[in-house]
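Scroll down for the structure; my scribbles are underneath it.
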Amino acid sequence: MRPEKFHGRYENEGKGCDAPDCQEAGEFRAPGTRTPGFDGPGDWRWFCLQHVREFNAGYDWFEGMSADEIMAAQSPIAGWERETRAFKPGAGTVPRWADFDDPLDAIGARAADIRKRAAGRQAMARFTAKEAEALSAMGLGPDTDLHSLRKRYSALVRRFHPDRNGGDRSQEARLQRVVEAYQLLRKSAAFT
């Protein structure tokens, strides 16, 4: 019984097995006569499952290489001996994509968003974790000053205090969080 799926199978290609005197379908590809290069992997040979297994068992990637070439190919630093663009003498010149047209501002918008988030983190760095939590409880951002803190506190107390909202006591827990947040923030070193 032939399994339905093997890794590497190319079904419905219409190719026959390249092994001599084999009538099976060539569903598996193997490296061909031309070596891989800039234009791709070279020509492919097509084999049935039995013949591709035989091919793989006898395949030697290093065939035709000298001992020095084999050592260079197996070296853990292979490729690092080449000079990269960042370290070339002309690295400070304008990149080749500098004239890229971005009509939807997809790249620029993302960069602006990244800068905005970084500025927000930097602004928030002046507050401790508890102070940042208190700012969040009051609905304020990191760019808040002492005047806007007092103004926001006053507005929230008027909104949540039972004497000001018709006797509704359902917001007392929220009012307590606002009062505690204000007491913590008004003494914060970030506002001095």
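What the table shows:
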read-out: Cα gyration tensor shape of the range 111-192, rounded if a/c is under 1.5, else prolate or oblate by comparing a/b with b/c; value: prolate
read-out: Burial ranking of peptide ranges 51-63, 110-122, 143-155, 177-189 (average Cβ count within 10 Å, highest at the top); value: 177-189, 143-155, 51-63, 110-122
read-out: Cut-off under 5 Å, modelled amide H: who pairs with ARG9 long-range; value: none
read-out: Lysines whose Cα lies under 30 Å from that of LYS15, excluding same-chain neighbours fewer than 8 positions away; value: LYS5
read-out: Sum of side-chain charges, GLN171 neighbourhood, beta-carbon under 13 Å (Lys, Arg +1; Asp, Glu -1); value: +3
read-out: Heavy-atom accessible area per residue - the range 149-192, 1.4 Å, Å²; value: 68
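The values are calculated or read from the model by the stated rules, or taken from the named source; none is laboratory data. These figures come from a predicted structure and were not determined experimentally. Note: ideal-geometry Cβ built from the backbone for every residue, glycine included; neighbour counts use all protein chains shown. Quick note on the areas: whole protein, heavy atoms, side chains included, nothing else; ligands and nucleic acids left out. Shrake-Rupley method; radii C 1.70, N 1.55, O 1.52, S 1.80 Å.
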